[in-house]
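The values are calculated or read from the model by the stated rules, or taken from the named source; none is laboratory data. Note that the coordinates shown come from a computational prediction; the quantities given were computed from them, not determined experimentally. Here the Cβ is made from the backbone with ideal geometry for all residues, glycine too, and neighbour counts use every protein chain on show.
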There are 4 protein chains.
Amino acid sequence: MGSPMAQNLIKAGRDVTVWNRTKSKCEPLISMGAKYKSSPEEVAASCGVTFAMLADPESAMDVACGKYGAAKGMGPGKGYVDVSTVDGETSKLICEHIRATGAHFLEAPVSGSKKPAEDGQLIFLTAGDNVLYETVAPLLDIMGKSRFYLGEVGNGAAMKLVVNMVMGSMMASFSEGLVLSEKVGLDPSVLVEVISQGAISAPMYAMKGPSMVKSLYPTAFPLKHQQKDLRLALGLAESVSQPTPIAAATNELYKVAKSHGLSDQDFSAVIEALKVKLQHQT
Amino acid sequence: MGSPMAQNLIKAGRDVTVWNRTKSKCEPLISMGAKYKSSPEEVAASCGVTFAMLADPESAMDVACGKYGAAKGMGPGKGYVDVSTVDGETSKLICEHIRATGAHFLEAPVSGSKKPAEDGQLIFLTAGDNVLYETVAPLLDIMGKSRFYLGEVGNGAAMKLVVNMVMGSMMASFSEGLVLSEKVGLDPSVLVEVISQGAISAPMYAMKGPSMVKSLYPTAFPLKHQQKDLRLALGLAESVSQPTPIAAATNELYKVAKSHGLSDQDFSAVIEALKVKLQHQT
Amino acid sequence: MGSPMAQNLIKAGRDVTVWNRTKSKCEPLISMGAKYKSSPEEVAASCGVTFAMLADPESAMDVACGKYGAAKGMGPGKGYVDVSTVDGETSKLICEHIRATGAHFLEAPVSGSKKPAEDGQLIFLTAGDNVLYETVAPLLDIMGKSRFYLGEVGNGAAMKLVVNMVMGSMMASFSEGLVLSEKVGLDPSVLVEVISQGAISAPMYAMKGPSMVKSLYPTAFPLKHQQKDLRLALGLAESVSQPTPIAAATNELYKVAKSHGLSDQDFSAVIEALKVKLQHQT
Amino acid sequence: MGSPMAQNLIKAGRDVTVWNRTKSKCEPLISMGAKYKSSPEEVAASCGVTFAMLADPESAMDVACGKYGAAKGMGPGKGYVDVSTVDGETSKLICEHIRATGAHFLEAPVSGSKKPAEDGQLIFLTAGDNVLYETVAPLLDIMGKSRFYLGEVGNGAAMKLVVNMVMGSMMASFSEGLVLSEKVGLDPSVLVEVISQGAISAPMYAMKGPSMVKSLYPTAFPLKHQQKDLRLALGLAESVSQPTPIAAATNELYKVAKSHGLSDQDFSAVIEALKVKLQHQT
């Protein structure tokens, strides 16, 4: 996802320097006018603001704080924006390393996938140094359609968990509707259409509904990740003693789906957990 | 709601005859060009298709099957379209009376309230005689933005229950998100905004979220009605042995809200059931 | 169950008159010294107190209020005790008929099955005319080990529902323990033993646990009846706006079990609803 | 609890050597004939088998593996039995230290509190070295009424979690029964009695029911500990993808109770979470 984001910055006339573990992946960007440096450290040393988009917490840590990591090239007056989706702990650790150099830090996990990245329609859930947020706002506006500043580092991750908790419950409830409609003799495809017209219509329903009706779950967001986010959200709720009975019931349903071997399918496959069949013999 | 629907038909150049228990309510329509008859029977006798929009099952029964009811004026070649929201049993009873005259029947509960009625943006969930559905389709298109034909009489009511079941769970889950975000130090207003930007955005969240954040619940759909619909939907699920754990947990939450004295407030007040406070002393 | 109850009365030296639709079923009792009459009406006419034990509400109604029913033989100074398990409505209807003759009425559903009936170990949940309760107390003490007077007719049925609601949830929770223990590598038979030693030991666990571990569910109380009682209990809770989230979640689990085709097995078969297996292929 | 356990061993004629951080606590035992040593190390060095009963994981670790800890005095042919209730991780750590000396290790958390300890009625959930289990069996039989050997270290803790999970759900369900019975006009005290007579009677209900009816919750097992055990049990279930919808709903109820400020009361105070009151004003 880093590539389309960089492309949008280049197209907007910004001065961009790139690095990737696999240099060939940078070629398209270089041909569009980007400079290239051979390590995160060098990128950070030569730029005012460094953006990092990594696949997982380990890579995010390594690129920020590793041997030739960005922190080595940071210092007062510079800024580091991590748009990777990492857990709050990792984010706080990276933050510490960056701030220790005198630079500013912003966590900025994005909501949205490849297509919104290409179209400059991402949503940024940022947290950390407000002054850096103000500085990079024009850049975020090139890459995304909206941005939120949420205060302390860790709040970006928390906001994403809450959103994904609601998303998981909505999908489970939608699944109940589809399965119930079919059981009582209605056409679930029509339910998808009816819902799409009214106050509870949501892009997610329109996107996933038609394939769910066909029992197809092409993976956009794996079910096991949705279940993990529910678990983490329940932990978050637990930590502040906030009852969340719907999310708790929802989590159990995703666990049933996992037991059915649906972990790697799309999270919309949770509907299968509601399709109980005659399977017992005595 | 019958008045704005009739106005849209008149504006579209249709020949409209009206009746209301309180004649004065018909004056605006008459001044726009509508004819007036002094009973449902006379309306039915003078028109090809009769629409009925009543507030409750009792009135719907009376206007259709009462002393000077529409059935008295119906006969072969005519049609009766009941756009009231009534239960499946009432709908089937009215259907029997109408069909006994040789006329056709269509149940057509609408999704949408006063504003969509005025703007011709209603959604019709119809069921019954297909030939009548085809006949009135152009009229439904004047009054609404979409229409669904769902088969046997009773299916319109069932579809509405399923939709409202999903709606109730979505609202409960959204409430969990708002309360949890606040408890962990996030601004729930920002959650409303973040959700409004992404795949789970729904008009209902955008409409109700801002007032929910202020603990205000101006009644559009009373909480007790939402809870009643959840109960009926659970009964429907029970009748076909379909597990619906999310709706079951949701129903319990609305019951808690009712116990808090919130029956007559908007169903978004279900959020109050999640705001537990120190209230116990020993 | 009426037979062992009558036997205990005869053995205790009481003067007993019997009737059964199938006279041969009365022979053992007659040989023990019971008198026989050829209709409920005649039994009622010749006895001070008449006990009725029928299999279902229809039979209970017929024997009490039918053509040669007991009501025909009742009158002031007499009493009618219905120990059948019927719903509150049927009980109230029978009560009206009996009281209309000037006689007293007591509903007295029993907790306990055949073995406790033979051993005189039943539990009576009575409601209705207190004066009759006082009169028959010595007889109830012959047939049972305890008796409760619960006030108005209908309260006996309600008490039984509440007890069965708790029973259903306990069985579901016990099932979770058994399945979880096995999943984490513990021997579920040992869990049964451990539980049998401590504060949560219950005769039901000791009775059902060993066969549940072997996936055997010899029917004592059919699962569909347990699920029906949960549904009725949820309805009772609904009627007084009392949240019961555990019973609601429990009911969903029994519904899953019903969907697995386990309706006619013992209610302990609810454990199967928790044994999810890899069953999905794509 | 260590004191009454040691007393039972002394009364049975066993040769007992004791140590406690506060020596005065050992006086009664010494006056009964126990020897005294001035550190865990010395106790272990002079005895064949050493029992440890500590209040928390930290103390358990310190007494076993600290500066003058028991491990220092252990060696081949000796055994260490930890009857404290600690988590699986701590237990495994202590086990490693003990085994490193060539000695055997047994984790043996007990079910039962002070009174059963005095009466020699404890239940031991043991796991670890089977040979040591066989050796100490006669001693466990002096202190307890039953003992279970569960295999690998960690299984004792897991078994206790499963039992406490079922216990938590049973208490929540019992609470629903009490509250519902009262709401429909039955006397909850009578429900306690009825339950005590039948198949679902449990010592816990008989013990706690009467005070619950009076809204009194004298702390035997704090509510916050019950909720913590539910959370850990849900984590255990999560780790093996085992759905446990009843325990999940139960946990939410205990969380509500915690929010009501009931953390330090007895876990039977969970019933308060079901007593919703008119508390909302608009």
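General remarks:
- Residue within segment A:188-196 that is surrounded by fewer than 17 Cβ atoms within 10 Å (Cβ to Cβ), touching a residue at least 24 places away in the same chain (Cβ under 8 Å) and within 25 Å of C:Val256 (Cα to Cα) present: yes
- A:Ala158 of a type in the set (A, V, I, L, M), assigned to a helix (DSSP H, G or I) and facing chain B (nearest Cβ under 7 Å): yes
- Within segment A:6-23, the only residue that satisfies the criterion of being free of Cβ contacts under 8 Å to residues at least 24 places away in the same chain, under 21 Å from A:Lys145 (Cα atoms) and in a helix (DSSP H, G or I) is A:Lys11.
- Counting the residues of segment C:102-120 that are of a type in the set (Ser, Thr, Tyr) and more than 14 Å from chain D (Cβ to nearest Cβ) gives 0.
- Residue in segment D:38-55 that is of a type in the set (Gly, Ala, Ser), touching a helix residue (DSSP H, G or I) at 6+ places or on another chain (Cβ under 6 Å) and either under 30 Å from D:Met167 (Cα atoms) or surrounded by 23 or more Cβ atoms within 10 Å (Cβ to Cβ) (or both) present: yes
- Taking the criterion of being assigned to a helix (DSSP H, G or I) and over 26 Å from the mean Cα position of the chain (by Cα), the residues of segment A:183-193 that qualify are A:Lys183, A:Pro188, A:Ser189, A:Val190, A:Leu191, A:Glu193.
- Where B:Gly168 falls short, out of the listed (1) out of contact with any Gly (no Cβ under 7 Å at 6 or more places or on another chain); (2) more than 9 Å from chain A (Cβ to nearest Cβ): (2)
- Residue among C:Lys160, C:Lys114, C:Lys145 that is without any contact (Cβ under 8 Å) to a residue 40 or more places away in the chain and surrounded by fewer than 24 Cβ atoms within 10 Å (Cβ to Cβ): C:Lys145
- Candidates B:Ser215, B:Ser211, B:Ser241 - the one that is within 14 Å of chain D (Cβ to nearest Cβ), among the hydroxyl-bearing types (Ser, Thr, Tyr) and in contact with a Lys or Arg (Cβ under 9 Å, 6 or more places away or on another chain): B:Ser215
- Scoring A:Leu178 on the criteria (1) under 30 Å from D:Val270 (Cβ atoms); (2) among the hydrophobic types (A, V, I, L, M, F, W, C); (3) within 12 Å of chain B (Cβ to nearest Cβ); (4) crowded, with 18+ Cβ neighbours inside 10 Å leaves a single failure, condition (1).
- Within segment C:218-238, the set of residues being of a type in the set (A, V, I, L, M) and within 12 Å of chain A (Cβ to nearest Cβ) comprises just one member, C:Leu223.
- Of residues in segment C:250-262 being hydroxyl-bearing (Ser, Thr, Tyr) and at pLDDT 95 or above, the one surrounded by the fewest Cβ atoms within 10 Å (Cβ to Cβ): C:Tyr254
- Condition met for B:Gly75 (surrounded by fewer than 13 Cβ atoms within 10 Å (Cβ to Cβ) and farther than 30 Å from B:Lys228 by Cβ): yes
- Of all residues in segment A:70-93, none are among the aliphatic types (A, V, I, L, M) and within 14 Å of another protein chain (Cβ to nearest Cβ).
- All told, A:Leu139 meets the bar of being touching a helix residue (DSSP H, G or I) at 6+ places or on another chain (Cβ under 8 Å), touching a residue at least 60 places away in the same chain (Cβ under 8 Å), of a type outside the set (Ser, Thr, Tyr) and in a helix (DSSP H, G or I).
- Here D:Gln265 clears all of (1) within 14 Å of chain B (Cβ to nearest Cβ); (2) over 17 Å from A:Leu234 (Cβ atoms); (3) touching a residue at least 60 places away in the same chain (Cβ under 8 Å) except the condition numbered (3).
- Test: D:Leu139 is more than 20 Å from D:Met212 (Cα to Cα) and surrounded by fewer than 24 Cβ atoms within 10 Å (Cβ to Cβ): yes
- Count - residues of segment A:64-77 that are under 17 Å from A:His104 (Cβ atoms) and touching a helix residue (DSSP H, G or I) at 6+ places or on another chain (Cβ under 7 Å): 8
- In segment C:94-111, the residues that are surrounded by fewer than 22 Cβ atoms within 10 Å (Cβ to Cβ) and either among the acidic types (Asp, Glu) or at pLDDT 95 or above (or both): C:Glu96, C:His97, C:Arg99, C:Ala100, C:Thr101, C:Gly102
- When we screen D:Thr126, D:Thr90, D:Thr85 for residues that are assigned to a helix (DSSP H, G or I) and within 28 Å of C:Asp187 (Cβ to Cβ), the only hit is D:Thr90.
- Selected residue (only one of D:Gly209, D:Gly198, D:Gly177, D:Gly168 is closer than 19 Å to C:Ala202 by Cβ and in contact with a strand residue (DSSP E or B) (Cβ under 7 Å, 6 or more places away or on another chain)): D:Gly198
- Residues in segment C:194-205 that are more than 7 Å from chain D (Cβ to nearest Cβ) and more than 20 Å from the chain's Cα centre (by Cα): 1 in all.
- Taking segment C:230-249 as the range and being surrounded by fewer than 24 Cβ atoms within 10 Å (Cβ to Cβ) and part of a helix (DSSP H, G or I) as the test, the residues that pass are C:Arg231, C:Leu232, C:Gly235, C:Leu236, C:Glu238, C:Ser239.
- Number of residues in segment A:208-220 that are touching a residue at least 12 places away in the same chain (Cβ under 8 Å) and surrounded by fewer than 16 Cβ atoms within 10 Å (Cβ to Cβ): the value is 6.
- Filter result for C:Glu272 (away from chain D (no Cβ under 11 Å) and either surrounded by 21 or more Cβ atoms within 10 Å (Cβ to Cβ) or not hydrophobic (A, V, I, L, M, F, W, C) (or both)): yes
- Failed item, numbered, when A:Cys26 is tested on (1) surrounded by 15 or more Cβ atoms within 10 Å (Cβ to Cβ); (2) without any contact (Cβ under 8 Å) to a residue 12 or more places away in the chain; (3) farther than 20 Å from A:Met143 by Cβ: (3)
- The condition of being farther than 16 Å from D:Gly48 by Cβ, in contact with a strand residue (DSSP E or B) (Cβ under 7 Å, 6 or more places away or on another chain) and not small (Gly, Ala, Ser) holds for only one of D:Glu107, D:Glu118, that being D:Glu107.
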